[in-house]
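Sharing a structure, written as structure tokens. Questions coming.
The values are calculated or read from the model by the stated rules, or taken from the named source; none is laboratory data. None of the values given here were measured: they were computed from a predicted structure. With ideal geometry, Cβ positions are generated from the backbone for all residues, glycine too; neighbour counts draw on all protein chains shown.
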Amino acid sequence: MISWPTPLFRAAIDAALAGRLHSSWLRSIPRHYGVILGSSWLDVLHSTADLAEGLALLRYPRYVNKTVEELSRRIVALSDDAKGTARIDLQAFLLRAAIDEDSAASWRLISMALPELRIAVLQGSLPSAAHSILIHDLPSFYSTGYWDLNKRILLSLSRL
């Protein structure tokens, strides 16, 4: 993994999407996230499904060694094919990244992630990974219930 992080990461994504990734890799990949994220990992992705799977394999790291601008530029260039829970998990990840960076470029990423994600939040239908990302990593405010994700998202956006 250390010698060839980018090709191995790409191979792991392909195997996972095909349902052929051995369980030992599910432990190995997150342990090497620093090497993977230090490489040109974003360049080997062809679609949002690849991005969603890659982030899931890395267990949705908080810091991915890419700016929000880099992420949004790459997402626009990718084929948009992520579906179901993988899509919502990806959107939660992108929202967290945009709020964490707190830059003008954050709004572009927020506009990509928020519409569908907010519907899942309001309907109470968040997948477990998205729920965990939002519960643990969104800013908390003493004026609203810690459990009310919709209010926390809106207050986080108002701070930007």
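Can you find a residue that is among the small types (G, A, S), buried (at least 21 other Cβ atoms within 10 Å of the Cβ) and modelled with pLDDT under 90 anywhere in the stretch 133-141?
no
Looking at the structure I just gave you, is A15 over 18 Å from I133 (Cβ atoms), at pLDDT 95 or above and not in a loop (DSSP other than H, G, I, E, B)?
Taking the combined requirement at face value, the residue satisfies it.
Now, a different point. Can we say Y60 is out of contact with any Gly (no Cβ under 7 Å at 6 or more places or on another chain), farther than 22 Å from S156 by Cβ and crowded, with 17+ Cβ neighbours inside 10 Å? I'd like the intermediate steps shown before the answer.
Details: out of contact with any Gly (no Cβ under 7 Å at 6 or more places or on another chain): yes; farther than 22 Å from S156 by Cβ: no; crowded, with 17+ Cβ neighbours inside 10 Å: yes.
The answer is no for Y60.
Residues of the stretch 90-104 being part of a helix (DSSP H, G or I) and among the aliphatic types (A, V, I, L, M), which ones?
L90, A92, L94, L95, A97, A98, I99
In the stretch 105-132, how many are in contact with an Asp or Glu (Cβ under 7 Å, 6 or more places away or on another chain) and either surrounded by 21 or more Cβ atoms within 10 Å (Cβ to Cβ) or assigned to a loop (DSSP other than H, G, I, E, B) (or both)?
Count: 3.
Kindly indicate whether S158 is exposed (fewer than 13 other Cβ atoms within 10 Å of the Cβ), at negative phi, assigned to a helix (DSSP H, G or I) and not hydrophobic (A, V, I, L, M, F, W, C). Spell out the reasoning first.
On the way: exposed (fewer than 13 other Cβ atoms within 10 Å of the Cβ): yes; at negative phi: yes; assigned to a helix (DSSP H, G or I): yes; not hydrophobic (A, V, I, L, M, F, W, C): yes.
Yes: the conditions hold for S158.
Looking at W25, W4, W41, which is the one that is touching a Phe, Trp or Tyr at 6+ places or on another chain (Cβ under 8 Å) and at negative phi? It would help to see each step written out before you state the result.
Details: W25 fails: touching a Phe, Trp or Tyr at 6+ places or on another chain (Cβ under 8 Å); W4 fails: touching a Phe, Trp or Tyr at 6+ places or on another chain (Cβ under 8 Å).
None of the other options fit; the residue is W41.
Among (1) farther than 21 Å from L134 by Cβ; (2) hydrophobic (A, V, I, L, M, F, W, C); (3) in contact with a Pro (Cβ under 8 Å, 6 or more places away or on another chain), there is one condition I29 misses while meeting the rest; what is its number?
Exception for I29: condition (3).
With the checklist (1) loosely packed, with under 15 Cβ neighbours inside 10 Å; (2) under 26 Å from V44 (Cβ atoms); (3) in contact (Cβ under 8 Å) with a residue 40 or more places away in the chain in hand, flag the one item D102 doesn't pass.
(2)
Oh, and also: Which residues, taken from the stretch 67-87, are of a type in the set (D, E, K, R) and buried (at least 17 other Cβ atoms within 10 Å of the Cβ)?
As a first pass, look at the stretch 67-87 and keep what is of a type in the set (D, E, K, R): 69-70, 73-74, 80-81, 83, 87.
Residue satisfying the conditions is R87 alone.
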